[in-house]
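Here's the structure we're looking at; comments come further down.
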Amino acid sequence: MTTTTSFDNEAASSPTMPVVQLDDVGKSYGNVQALRGVSLSVRQGEITCVLGDNGAGKSTLIKVIAGLHEHSDGVLTVNGEERRFKSPRESLDSGIATVYQDLALAPLMSVWRNFFLGNELTGRFGTLDATKMKRIATEELTKMGISIPNLEQPVGMLSGGQRQCIAIARAIHFGAKVLILDEPTAALGVKQSGVVLKYIVKARDAGLGVVFITHNPHHAYLVGNHFVVLKLGRVALDTHRADITLEQLTNEMAGGSELEALSHELRDIDAGAVVRPSGRPAQIQSPLEST
């Protein structure tokens, strides 16, 4: 049995000590190397934005921290203790809550039932204590500034932004120290994205370490303290807000030199040209025919 001293507790809550730390973490699926030598620090009271294009390794990174997949190489520590999660429950019990794009909400169930999904409160005879759960759900959502007048309505009737906010409030209530958000604004419009970003900041202000996974540098720069860009499973950029501009972050995310090379290749194209249909298929000359 491991005992924890008051010094250990103080160190774990120190703002300078990472709650979650990855050192040279890798993940292989057979011969496919999805992550290679990834190092990442997540601190409480800070929003770490992990950006990357499709195939960059963002999803694999989430799965390793969330306990869905064990890492193949490197070291993962939580509050300074080395961990190798074998299930999502182990990650959750360590204070890491993951909110996926599908949110793990039941669309036909009420808001309050979804808030306590998997953590239901029961009375003396084992029946659901609906009154207490409704009261707590209302209080916790109000703390986050979320107003849902009717907690009996099915959660599927809410907007995407409201559903994201319920998932965030639920994670905070059940004691998360680290909140991982998987592309929370990807399927939302501008207004709803703004609502979700506001509650991401509220989660940070509540003392959580937030990992915001996104492919949108503009959303990341609005709220982020720390930026990590993944490319082909490797860390291509790791910097703090004071050391980078939005333009630089966007350029890094867009590919930088690759984008410049593409622009060079397309420099002779008339982007403003409008081609009228001829009514018959165009005759495409083979490169061999032109030589």
Which ³J(HN,Hα) values in Hz, rounded to whole numbers, follow from the phi angles of the stretch 201-218 under the Karplus curve 6.51 cos²θ - 1.76 cosθ + 1.60, where θ = phi - 60° and Gly and Pro get x? 5, 4, 5, 4, 5, 7, x, 7, x, 10, 10, 9, 8, 7, 10, 10, x, 5
Restricting to the stretch 15-257, compute how many DSSP beta bridges are antiparallel as a %, nearest 5. 55
If each K or R counts +1 and each D or E counts -1, the residues other than Cys165 whose Cβ falls under 12 Å of its Cβ total +4
Cβ-based charge dipole, the stretch 15-257, positive-most Cα from Val190, Leu108, Ala206: Leu108
Trypsin sites (Lys or Arg not before Pro) within the stretch 110-163: which are DSSP loop residues with at most 14 other Cβ atoms inside 10 Å? Arg124
Could you give the length gained by full extension between Leu68 and Ser159, i.e. 0.36 nm per residue of separation minus their alpha carbon distance, to one decimal place? 30.0 nm
Based on the alpha-carbon gyration tensor of the stretch 15-257 and its eigenvalue square roots a ≥ b ≥ c, which shape applies: rounded if a/c is under 1.5, prolate if not and a/b is larger than b/c, or oblate? prolate
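Taken together, the values in this text are just the output of simple stated rules run on the coordinates, not laboratory data. All values reported here derive from a predicted model rather than from experimental measurement. Virtual Cβ from ideal backbone geometry, glycine too; neighbours counted across all protein chains shown.
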